[in-house]
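The values are calculated or read from the model by the stated rules, or taken from the named source; none is laboratory data. Nothing here was measured: the structure is a model prediction, and the numbers come from that model. All Cβ positions, even for glycine, are placed from backbone atoms using ideal geometry, and neighbour counts span all protein chains on display. Ligands, DNA and RNA are stripped out before the accessible areas are found, and what is left, the full protein with its side chains, is counted by its heavy atoms. Shrake-Rupley method; radii C 1.70, N 1.55, O 1.52, S 1.80 Å.
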Amino acid sequence: MATIDYNVNQKGKAVQAGKSMIKTVIILVCVLLAVIVLGSSMVVTNEDEYTLVKQFGKVDHIIDEAGVSFKVPFIQTTSTLPKKLLYYDLEPSDVITSEKETMVVDAYVLWRIENPLKFVQTLNSQIPNAQSRINTTVYNAMKNEISKLSKNDVISGRDGSLNESIFNAIGTTMDQYGISFSSIEIKRLDLPEENKSAVYERMISERNNIAASYKASGEAEAKKIRTETDKSVTITLSEAKAKAEKLIAEGEAEYMQILSEAYNDQDKADFYTFVLALDALKESFASGDKTIILSEDSPIAEIFYQVE
C-alpha cells in the first residue's frame with residue numbers, strides 16, 4: 001500500500017509540473033506575440049523623411065512629423081519618402097540660340113517633395129520617375145528660353161538672369177507631381193566640340209584684324225608725330241638761323257659803328273691802322289721767313305719810315 005501511495009504522489013507531482021510548464025510556455029508565447037504586435041504597430045519617422053501608411057495598397061495617411069506613432073499591425077504597412085532637399089544633375093544637352101547656333105548646356109536642379117500624396121499618386125513613389133519628369137521639364141524650359149536669345153545674350157546671362165528666366169518659365173508645372181524646385185543652376189554653357197575649332201579660328205582672325213588695326217593706327221600716329229616733330233625742328237632751325245643772322249647783322253652793324261667812330265678821330269684812325277699793320281707783319285713772320293718786300297705806300301713800310 002505504501003508503494004502505491006508513493007507512485008500516486010509522484011504522478012501527481014509530475015502532472016502539476018507539466019501544467020506549470022505549459023502555463024509558463026503560454027505566458028512566454030503571449031509576451032512574444034505582444035512584443036511582435038507592438039513592434040509591428042510602432043512607426044518611427046525621422047526628421048528628413050515622410051512616412052506613408054498604407055492599407056490594402058492605398059495610402060491611408062501620411063506622417064510628416066518626426067517621432068513615434070502607431071498603425072494597425074498586419075493590416076497597414078509603411079514606406080518612406082525623402083523630405084530633405086534633393087540634387088539632380090541633368091545630362092548635357094544641345095540647345096539652339098535665336099541665331100541658329102548650337103550650344104551645349106549642363107545644369108543641375110535642387111528640388112524637394114512638397115506634397116507626398118500627389119507624388120505617390122502621379123509618380124508611384126519612385127524617385128527615378130520624378131527625375132525623368134524633372135529632366136524633361138527643365139530641358140524644355142531651357143530650350144525655349146535660350147531659343148529666344150542670341151549667343152552673346154546667352155553668355156551674358158550667366159550672371160544669373162538666364163537661370164531666373166528658366167525658373168520662371170517652369171513656374172508651377174511640377175506642382176501636379178507634388179514637387180517644388182529650390183533652384184536651377186547652369187554649370188557649363190559651351191559650344192559643341194566640332195564647332196570649337198572654327199570659333200577659335202574666327203576669334204584668332206578677329207584678334208589679328210584688331211591687332212592690324214592697332215598697328216596701322218599706331219603707325220599713322222607715329223607718322224603724324226614725326227611730321228609734327230620735323231615741322232617743329234624746321235621752324236626752330238629757321239627761327240634760330242633768322243636769330244643768328246639778326247645777331248650777325250647787329251654785330252656787323254656794331255662793328256661798322258665802332259669803325260666809323262674810330263675813323264672819325266684821326267688819332268684813333270692812325271692807331272688802328274698801326275695795329276692792323278703790326279698784325280699783318282706778325283702774320284708774315286709766322287712762316288719763319290725773316291725777309292719781307294714792301295711797297296713804299298705800305299702801312300708797314302710807313303711804320304719803319306717813321307722809326308727812321
In segment 74-107, what residues are open to solvent by 60 Å² or more (accessible area, probe 1.4 Å) and aliphatic (A, V, I, L, M)?
Ile75, Leu85, Ile96
Look through segment 114-140, keep the residues that are closer than 18 Å to Leu90 by Cα and in contact (Cβ under 8 Å) with a residue 40 or more places away in the chain, and return whichever of them is surrounded by the fewest Cβ atoms within 10 Å (Cβ to Cβ).
Ile127
Of the candidates Ala211, Ala220, the one satisfying the condition of being among the small types (Gly, Ala, Ser), farther than 30 Å from Asn152 by Cα and surrounded by 10 or more Cβ atoms within 10 Å (Cβ to Cβ) is Ala220
Taking the criterion of being touching a Leu at 6+ places or on another chain (Cβ under 9 Å), within 30 Å of Asp190 (Cα to Cα) and surrounded by 16 or more Cβ atoms within 10 Å (Cβ to Cβ), would at least one residue in segment 54-73 satisfy it?
no
